[in-house]
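Peer 1: There's a structure below that I have some questions on.
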Amino acid sequence: MVRGRARRDRKARGTVVSANLAVVLAVLASGADLAGPRLAGHEIVGPPRPEAVQTAAVPPPAEETPPSWGSVEFLGEDIDPGEKRRLFLRAGESFAGSGIDIPALVVRGAAHGPTLCLTAGVHGDELNGIEIVRQLFEDTSTLDLKGMLIGYPVVNLHGFRASSRYLPDRRDLNRYFPGNANGSTASRIANAVFRPLVEVCDALVDFHTGSFHRTNLPQIRADLSDERVLALAQAFGVGVVVHSYGMRGTLRRSASEADLPSITYEAGEPMRFAQQEITYGVEGLRNLMASLGMLASDTPEHAAEVYRRSRWVRVNDGGIFLTSREVGESVEAGDVLGTVTDPVTNDRSTLRAPFDGRIIGMALPQVVIPGFATFHLGLRERNGDHEEGEETLSPDQLDAVEEPE
C-alpha cells in the first residue's frame, strides 16, 4: 500500500525532481555543455515562400503556468512558503511512559521546487550526520531556497541518549524499514518515520558513519543500477561513489523500493564528530541541491570516483590487530595491510592485500577474531573485467555478506 500510494502521490504532484534528475542524467551521459541547452536561431535561406509573405508571424507559444506553491501539510502541520519550522514526530514511549518525539526540521522555500529529505542518527552512536543536517538547516535561507527541505537530525533518540547504535531492546533500527505499526518497537518506530517520508519526499539522503570501531572514507553508497539514484550520487560530488544495493530493512533500500530515490553518505567513525567529514557532507548536499534546482550555485562540478565493485578483507587469526594504513590509500596485491598478534603466545600473522584497490573503509586497531572484516577495498574497473566476489551477487544474496550500514 505504501509503495502504491507514494507512486500515485508523486505522479499527482508532477514530481519536479524527476525532470531535474533527467537533465542531470542527460548531461552526464552526453558530456554536453553544463551551461544548458541553447535555442538555435531561425535563419531563412533563399527567397521566402509566398505563404510566408502573406501570413502574419505566428506568436510565440504562451509560457507554461508554473505549478502552484502554497502551504503543504507535514506531521499534521501546515507549512507555508517562506517558513522555517521545528516539528516533532510521536514515535513511541519511554519505559517511564513519556512520549518519544523525534525532532523534524522543515524549511519551505519561497519558490516552487522539489522536496529533499535528510535522515541522520538512525544509529544512535553515529554523530557526523546529525551535525551535517543541523548545519545545513541553520544556513539555508527560505529566500534562496526553491522547494522544501525536511530533516530528521536524530531518528534513533533512544540510542542517541544512551550513546548506543541500537534501541533499548538491542534491535538495529536500520533493519526494520519500512516497519509495521503493530510490530516490534523497532518496527513501529521505523513505520512512524517512513510513512511521512515516502508521502512527501522526492529524494532522500541518509547519513551514517563506520560501525563497530571502523571508519569510512567519505563516500556515497547507492544502487547504481537505478539511473535516478546514480544521478543523485554523482550530483553529490564529494568523496567516492560505491555501488551497494543496501541490506534488506535499511532505510535507503526500503525507500528506493517504495519509488523514492535514495543514497547514503558514509563518513568517519562512530562516537566522534569529525569536522572535515562534516564539511564534506554539507558541501555535497549543497551540490546536490544546486543540481536539483533548489539553490543557485556557480560551484564547478566534480567527477566522483566510482567503484562499482568492492571487497572486504578479513583476518584468519584472532589477536591484537594493528595497522599504520589510513582510509584513502591505494594498495597493490601483496602489500602489507596490518598484523594480528596473539597476546599470549606472541605468534603473529601478516595481513596482505589480496588484490589492487583503494581503502574506502577500515577497522581501527583493536582485538579481533577470525573472520573479522578489517579493510574495505574499492576495486577499479579493468577493461570491463569482473572478478568473482560478493559484488556479483544479487541483492538478496548480498544480504548475507554486506557489511552493516
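Coordinate-derived values only; no laboratory data. Just so you know, these numbers come straight off a predicted model, no measurement behind them. Every residue, glycine as well, gets a Cβ built from its backbone with ideal geometry; the counts of neighbours run over all protein chains shown.
Peer 1: Which order do the peptides 226-236, 72-82, 174-184 come out in when sorted by mean C-beta neighbours inside 10 angstrom, highest first?
Peer 2: 226-236, 174-184, 72-82
Peer 1: Would you pull out the residues with amide H under 5 Å of Asp335's amide H, same chain only if 5 or more places away, H placed 1.01 Å from N?
Peer 2: Here Ala353 satisfy the definition.
Peer 1: Sorting His208, His213 on the 10 Å Cβ count, fewest up front, what's the list?
Peer 2: Lowest to highest Cβ neighbour count: His213, His208.
Peer 1: For the pair Ser184 and Asn346, what calculated FRET efficiency results from E = 1/(1 + (r/R0)^6), where r is the Cβ-Cβ distance and R0 = 41 Å, to the nearest 0.05?
Peer 2: 0.35
Peer 1: How large is the charge dipole for region 309-380, taken about the Cα centre, if only the Cβ atoms of Lys, Arg (+1) and Asp, Glu (-1) carry charge, to the nearest 20 debye?
Peer 2: 280
Peer 1: So what J values fall out for region 121-128 if you push phi through Karplus, 6.51 cos²θ - 1.76 cosθ + 1.60 with θ = phi - 60°, rounded to Hz, Gly and Pro as x?
Peer 2: x, 4, 9, x, 9, 9, 9, 4
Peer 1: Residue separation times 0.36 nm, minus the C-alpha to C-alpha distance between Arg90 and Ile320: what's the value?
Peer 2: Fully extending the segment from Arg90 to Ile320 adds 78.4 nm.
Peer 1: Given 37 °C and 0.692 mPa s, how large is the Stokes-Einstein diffusion coefficient of region 72-306 in µm²/s, with Rh as the Kirkwood radius over Cα pairs?
Peer 2: The Stokes-Einstein estimate is 187 µm²/s.
Peer 1: For a Förster distance of 25 Å, can you work out the FRET efficiency between the beta-carbons of Ser225 and Ala303, rounded to the nearest 0.05?
Peer 2: 0.80
Peer 1: Based only on other Cβ atoms within 10 Å, what is the fewest-to-most ordering of Thr345, Thr185, Thr115?
Peer 2: Thr345, Thr185, Thr115
Peer 1: So who's got an amide H within less than 5 Å of the one on Ile79, skipping anything under 5 residues away but keeping other chains? H placed 1.01 Å off N, in plane.
Peer 2: Val72, Glu73, Phe74
Peer 1: Here is a further query. Is there a quick way to get the dipole size of region 130-191? I mean about its Cα centre, with the Cβ of Lys and Arg at +1 and of Asp and Glu at -1; what is the value in debye to the nearest 20?
Peer 2: 380
Peer 1: On to the next question. Would you please give the residues with an amide H less than 5 Å from that of Asp317, counting only those at least 5 places away or on a separate chain, with H modeled from the backbone geometry?
Peer 2: For Asp317, the qualifying residues are Gly371.
Peer 1: With θ taken as phi - 60° and the coefficients 6.51, -1.76 and 1.60, list the Karplus ³J(HN,Hα) couplings across region 307-313 in order, rounded to whole Hz; mark glycine and proline as x.
Peer 2: 10, 7, 9, 8, 9, 9, 9
Peer 1: Counting only the backbone N, which residues of region 213-250 are under 15 Å from the spot 7 Å out from the Cα of Gln276 toward its beta-carbon?
Peer 2: 215-219, 239-240
Peer 1: Taking the Cα centre of region 257-330 as the origin, how large is its charge dipole in debye, to the nearest 20, when only Lys and Arg (+1) and Asp and Glu (-1) carry charge on their Cβ atoms?
Peer 2: It works out to roughly 240 debye.
Peer 1: What ranking of Tyr280, Tyr166 emerges when the number of other C-beta atoms within 10 Å of each C-beta is taken as an exposure proxy, fewest first?
Peer 2: Sorted ascending by nearby Cβ count, the order is Tyr166, Tyr280.
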